[in-house]
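Encoded as C-alpha cells, the structure appears first; notes follow it.
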Amino acid sequence: MAVTVFTARDVEAAVSPLEAYDAVREAFVAYARGEWSMPPKVYVSNYPAGDFRAMPALGGGHALLKWVTSFPGNPARGLPTVTGLVLLSDAEDGRLLAVLDAAAVTALRTAAAAVVAADALCRADTSSYAVVGCGVNGAETVRMLVARGVTPLVWDVDEGRRIDVAGRLGAQVAPSAEKALACDVVITVTPGRDVLYEPGSLGPGQHVSLMGADGPGKAEVAIEGLRRAHLFCDDWEKDGSNGISSPRLRLFCDDWEQASHGGELTGAVEAGLIARDDVTQLGDVLAGMAPGRQHADDITLFDSTGLAIQDLAIAKAALLRADELDVPTLDL
C-alpha cells in the first residue's frame with residue numbers, strides 16, 4: 001500500500017496561507033453543524049519537561065490522528081518545540097493515505113485559527129494588528145496576516161527573533177511590548193508561561209486571539225481579568241443609557257470541552273468565575289448560530305486550544321495537491 005509522505009517543506013508547498021485560512025474556517029463551520037466530529041484531545045504529561053497529545057477527528061470522507069508533542073524547553077537544546085506526525089486515512093475503507101509533518105500542519109492551522117477568529121470578532125474599523133511571540137507558529141501567523149494584506153507589529157522577548165521575523169516576512173518590529181499589546185487586534189503566540197494581560201489592561205474595542213495557553217497550567221491573561229465577563233451589561237444599547245459605560249468582555253473559544261479543561265479559560269472555570277453560558281464557540285459564530293461582537297467597544301477574547309478538525313482541514317487540502325507536486329510515497 002502506497003502512502004503519501006509530506007515533509008514540512010511539502011506541507012508548506014501544498015497549502016498556502018490563504019488556502020489554510022479558508023480550509024480552517026470551513027472546518028469550524030462543519031464542526032459547528034455536526035458534519036465533522038472530534039473527541040477531545042488526550043494529554044500525556046511529562047511535567048515539567050513537556051507533554052504528548054493524541055488528537056483524532058472525522059469528516060469529509062477522511063479520518064485523522066495527530067500524535068504531537070510540546071516541549072517548550074527544546075529550543076535551548078537545539079530541538080523544535082513541536083514534533084510529531086499526522087496520519088490521514090480514508091474513512092470508508094480505513095486505508096492510510098498520507099503521513100504529514102505535524103509541526104508544519106500545526107503552524108498553518110494555528111495561524112489560520114488566530115486570523116479567522118480575529119476577522120470574525122474584531123471591530124469593523126480595526127486599523128492596528130500585532131503578533132506577540134515570534135516562534136514557528138507566531139511567524140506563520142505573521143505570514144498569514146501579510147498574505148491577507150495586513151502589516152502587523154511583531155514582538156518577542158528575543159530581539160533577534162523579532163527582527164528576523166519582521167524583516168523576513170514584511171512586518172514591523174513594535175517599539176515595545178506595551179505598544180504591541182495595545183493594538184486593536186493582538187494575536188499572542190507565546191509558551192503561555194507568563195501572563196501578558198493583567199486585570200484592567202485590556203482596552204475598549206480590542207480583540208485578542210490567545211493561542212499560547214493550549215494546555216493545563218498555561219495562561220496569557222490573568223484569571224481575575226476574566227471576571228469582567230460577569231461585571232457588565234448583557235445589552236449595551238439598553239443598559240448604556242443607565243450609566244453603565246464599561247465595555248463588556250465577550251469570551252469565545254474553539255471548543256468548550258477542551259478550553260474548559262486545558263486552555264486559557266481553565267483557571268477561571270475552576271475558580272468558578274465563568275461557566276459554559278459565558279463562552280461562545282467560534283464555529284457557532286461563523287455558522288451564523290450565535291452572535292459575535294455586539295458593540296464597537298466590546299472586548300473580545302478567543303481562547304484557542306488547537307483542534308484536530310483544523311489539522312484535518314490542512315491535511316485534506318495538502319492531499320489534493322500531492323500528485324501536482326509529486327510528493328513522494330512510501331510502500332507499507
Quiz item: Being farther than 15 Å from Ala171 by Cβ and either over 20 Å from the mean Cα position of the chain (by Cα) or part of a loop (DSSP other than H, G, I, E, B) (or both), is that true of even one residue in region 140-155?
Solution: no
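Quick check on Gly243: is it at pLDDT below 85, over 18 Å from Thr110 (Cα atoms), under 21 Å from the mean Cα position of the chain (by Cα) and not assigned by TED's automatic domain parsing to the domain that holds Ser37? Quick ask: steps written out before the conclusion?
Numbers: at pLDDT below 85: yes; over 18 Å from Thr110 (Cα atoms): yes; under 21 Å from the mean Cα position of the chain (by Cα): no; not assigned by TED's automatic domain parsing to the domain that holds Ser37: yes.
Here the answer is no, as Gly243 does not meet what is asked.
Take the residues of region 205-234 that are part of a helix (DSSP H, G or I), hydrophobic (A, V, I, L, M, F, W, C) and more than 30 Å from Thr81 (Cβ to Cβ): which is modelled with the highest pLDDT? Lay out the reasoning, then the answer.
First, the residues of region 205-234 that are part of a helix (DSSP H, G or I): 223-231.
Now drop any that are not hydrophobic (A, V, I, L, M, F, W, C), which leaves 223, 226, 229, 231.
Filter again for more than 30 Å from Thr81 (Cβ to Cβ), leaving 229, 231.
On the way: Ala229: 50, Leu231: 42.
If we take residues in region 205-234 being part of a helix (DSSP H, G or I), hydrophobic (A, V, I, L, M, F, W, C) and more than 30 Å from Thr81 (Cβ to Cβ), then Ala229 is modelled with the highest pLDDT.
Could you run through region 184-209 and say how many residues are touching a strand residue (DSSP E or B) at 6+ places or on another chain (Cβ under 8 Å) and more than 13 Å from Ala130 (Cβ to Cβ)? Working first, answer last.
First, the residues of region 184-209 that are touching a strand residue (DSSP E or B) at 6+ places or on another chain (Cβ under 8 Å): 184-190, 195-197, 202-209.
Okay, now just the ones that are also more than 13 Å from Ala130 (Cβ to Cβ), so 195, 202, 204-205.
Here the count works out to 4.
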Quiz item: Can you name the residue in region 250-266 that is farther than 11 Å from Arg276 by Cα and small (Gly, Ala, Ser) and, of all such residues, is nearest to the chain's Cα centre (by Cα)?
Solution: Gly263
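Pull up region 113-162, narrow it to residues that are of a type in the set (Lys, Arg) and more than 15 Å from Ser176 (Cα to Cα), then point me to the one that is surrounded by the most Cβ atoms within 10 Å (Cβ to Cβ).
Looking only at region 113-162, we keep the residues that are of a type in the set (Lys, Arg), and these are 123, 143, 148, 161-162.
Applying the additional criterion that residues be more than 15 Å from Ser176 (Cα to Cα) yields 123, 143, 148.
On the way: Arg123: 18, Arg143: 23, Arg148: 14.
This residue is Arg143.
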Practice problem: Tally the residues that are at pLDDT 95 or above and within 17 Å of the chain's Cα centre (by Cα), restricting the search to region 31-53. | Solution: 3
Practice problem: Specify the residue that is farthest from Val3 (Cα to Cα); the eligible residues are those in region 50-94 that are among the aromatic types (Phe, Trp, Tyr) and part of a strand (DSSP E or B). | Solution: Phe52
Self-check item: Positions within region 163-194 being in a loop (DSSP other than H, G, I, E, B), touching a helix residue (DSSP H, G or I) at 6+ places or on another chain (Cβ under 9 Å) and crowded, with 16+ Cβ neighbours inside 10 Å, in sequence order
Solution: Ala171, Ala174, Val189, Thr190
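The values are calculated or read from the model by the stated rules, or taken from the named source; none is laboratory data. Keep in mind the model is a prediction, meaning the values are calculated, not measured. When we count neighbours, we look across all protein chains shown, and the Cβ atoms used for this are built from the backbone with ideal geometry, even at glycine.
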